[in-house]
Amino acid sequence: MRFDLITIFPEFFGGPLDHGIIRRAREGGLIHVHVQDLREFTKDRHRTVDDRPFGGGEGMVLKPEPLFEAVESLLGHGVGDASKQNPQDPGTAVLLMSAAGKLFDQETARRLSQLQRILLICGRYEGVDERVAEHLATEEISIGNFVLSGGELPALLVMDAITRLLPGAVGNEASTQNESFSPRQEMLLNTGIRSKVSHESPVTSPMLLDFPHYTRPAEYRGWKVPEVLISGNHAEVAKWRQQKALEKTRRNRGDLLLRE
Ligand code: SAH
């Protein structure tokens, strides 16, 4: 999988790319990450990437030309113009980070993890000329119902969620199948929640958050690890985890259980 991060702040990514799973995935050749300085695609002396908004209003907007030219240069082909838009490669996604985009979730991460190449466009200022969303990006993605000052953190977040789903990225394969937001049918058995999995829309199955984890010491400041986890009874442990996952989902994210 290849990622291209298009940004006006290339140095921003130094730290995050150099730690943990992302670092290992890069070193192991599972992912290749290219950070593209948007300003390389400007032509004026001041390397201008932004301009004032048509129609008036606050702030500045990222201009279309450097973004189109950066993406085209990275893809190695043009995307077309108003008279003719070139077809997209189905193995490649161009994601525009945008507070006004569709909400990113684990299902989206899973779908994107099947691709060969993902370009991520990081907005700044008041945002990005709308023609980028309409004619350059294949998807406009929001990481949540809040506004950040730039698309760099969202791009990293999306890249991280996708990378850890690539086979071999996380030490124990099972850990990405048995975590929050994975449809876990076996955990839903006997909970009274019926699975709504269907062939047309596999995304509609209810999801459970992760169960609580504990490690040593068995007692810390008087707070004890639940007895059952120390019992060695695997069936009881599994039942307890299922129950706790359900309780926690109900308490923190009741909406997940109500999804039709
Ligand atoms: N005026 C815009 C916000 C611009 S914030 C609005 O009201 O929707 C500047 C940039 O930060 C955006 O272009 C986008 O790239 C990024 N950004 C901010 N919040 C985001 C979010 N929730 N998800 C993804 N990207 C976001």
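Details
- Among all positions in segment 191-210, there is at least one residue which is more than 13 Å from the chain's Cα centre (by Cα) and at pLDDT 95 or above.
- Taken over segment 1-17, the criterion of being closer than 16 Å to residue 164 by Cβ and not aromatic (Phe, Trp, Tyr) is satisfied by 1, 16, 17.
- Pick from segment 32-48, criterion out of contact with any strand residue (DSSP E or B) (no Cβ under 6 Å at 6 or more places or on another chain) and of a type in the set (Val, Ile, Thr), ranking: nearest to residue 3 (Cα to Cα): 42
- Among residues of segment 134-160 that are more than 30 Å from residue 85 (Cα to Cα) and at pLDDT 95 or above, those with a beta-carbon under 8 Å from a residue that is within 6 Å of the ligand (Cβ to nearest atom) and assigned to a helix (DSSP H, G or I) at least six positions away or on a different chain give the pairs 148/154.
- The set of residues in segment 1-16 that are surrounded by fewer than 16 Cβ atoms within 10 Å (Cβ to Cβ) and without any contact (Cβ under 8 Å) to a residue 60 or more places away in the chain comprises 11, 14, 15.
- When 140, 126, 134, 107 are checked against the criterion of being assigned to a strand (DSSP E or B) and charged (D, E, K, R), a single residue qualifies: 140.
- Of residues in segment 143-181 being of a type in the set (Gly, Ala, Ser) and part of a loop (DSSP other than H, G, I, E, B), the one nearest to the ligand (Cβ to nearest atom): 151
- As for segment 58-66, it holds at least one residue that is more than 16 Å from residue 137 (Cβ to Cβ), modelled with pLDDT under 95 and within 16 Å of the ligand (Cβ to nearest atom).
- Exactly one residue among 99, 109, 133 is more than 11 Å from the ligand (Cβ to nearest atom) and of a type in the set (Gly, Ala, Ser), and that residue is 109.
The values are calculated or read from the model by the stated rules, or taken from the named source; none is laboratory data. Not measured: the values here are computed from a predicted model. All Cβ positions, glycine included, derive from the backbone under ideal geometry; neighbour counts span all protein chains shown.
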